[in-house]
Amino acid sequence: MSDSDDEDIPQLSSHALAALQEFYAEQKQQSDPGRDDKYNIGIIEENWQLSQFWYSQDTALRLATEAVAAAGERGRIACVSAPSVYQKLRALHREDISVYIFEYDKRFAIYGEEYIFYDYNNPLDLPEKIATHSFDIVIADPPYLSKECLRKTSETIKYLTQGKILLCTGAVMEEEAAKLLGVKMCKFIPKHTRTLGNEFRCYVNYDSGLDREI
């Protein structure tokens, strides 16, 4: 190859090369996040096709703190279609609680044995190790604002919980949620990292700290 041939090969500018290296680093981190980053909200990006919208840091922390208080000492918490709450719970480094993430998106399988594949269309298709009424509290965020999705997710919730339920869904589902799960709307208003088109609320069936603040 002649020198002139070398000159014809396109060269990346230093800026473009740096951007490319940053891109590859981000891709590597998402496929194999380090231990310290593993539970960061956003380490796994939202997939809008799966109707994924992550909570803000403040909301995830508030819900995680509420779940720990409701579960009690050495409590068991189930996060159904609520991965950012699971991530925040684990980021708190509370080794005295047991937490499982029930999620359709298999990218969350990075969480090992705490990940349970879950499809709301088959609400009771769960592994044998998940016993009925084995969680002190269930936090659930049905992926779609439809009566069918809420009804099927409710089957899962009632199977898992010993009693306490923390449901996060649209304000338009208030009546249906009360009918299916006996929950009431809280004063606390959850926020997401992105602005949603529908008003979003929390619902509980127990005396909750979420109902003592606006």
message: For segment 190-214: of the residues being of a type in the set (A, V, I, L, M, F, W, C) and more than 14 Å from L167 (Cβ to Cβ), which is modelled with the highest pLDDT?
response: L196
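Would you pick out the residues in segment 131-147 that are more than 19 Å from the chain's Cα centre (by Cα) and either under 25 Å from W54 (Cβ atoms) or charged (D, E, K, R) (or both)?
Once the filter is applied, which keeps residues that are more than 19 Å from the chain's Cα centre (by Cα) and either under 25 Å from W54 (Cβ atoms) or charged (D, E, K, R) (or both), segment 131-147 yields only K147.
Within segment 195-207, can one find any residue that is out of contact with any strand residue (DSSP E or B) (no Cβ under 9 Å at 6 or more places or on another chain), open to solvent by 10 Å² or more (accessible area, probe 1.4 Å), under 23 Å from R76 (Cα atoms) and in a helix (DSSP H, G or I)?
Within segment 195-207 (the criterion being out of contact with any strand residue (DSSP E or B) (no Cβ under 9 Å at 6 or more places or on another chain), open to solvent by 10 Å² or more (accessible area, probe 1.4 Å), under 23 Å from R76 (Cα atoms) and in a helix (DSSP H, G or I)), the answer is no, since none of the residues qualifies.
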- request: State whether the residues of segment 136-149 include one that is among the small types (G, A, S), under 16 Å from A64 (Cα atoms) and modelled with pLDDT of 95 or more.
  value: yes
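Taking segment 136-178 as the search range and keeping residues that are among the hydroxyl-bearing types (S, T, Y) and surrounded by fewer than 21 Cβ atoms within 10 Å (Cβ to Cβ), which one is nearest to L126 (Cα to Cα)?
Y159
For (1) farther than 17 Å from C186 by Cα; (2) crowded, with 18+ Cβ neighbours inside 10 Å; (3) β-branched (V, I, T); (4) touching a Pro at 6+ places or on another chain (Cβ under 6 Å), each residue gets a yes or a no:
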residue	(1), (2), (3), (4)
E66	no, yes, no, no
A69	no, no, no, no
G75	yes, yes, no, no
A78	yes, yes, no, no
P83	yes, yes, no, no
R94	yes, no, no, no
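The values are calculated or read from the model by the stated rules, or taken from the named source; none is laboratory data. Keep in mind the model is a prediction, meaning the values are calculated, not measured. When we count neighbours, we look across all protein chains shown, and the Cβ atoms used for this are built from the backbone with ideal geometry, even at glycine. Protein only, heavy atoms only, side chains kept; ligands, DNA and RNA dropped before computing areas. Shrake-Rupley method; radii C 1.70, N 1.55, O 1.52, S 1.80 Å.
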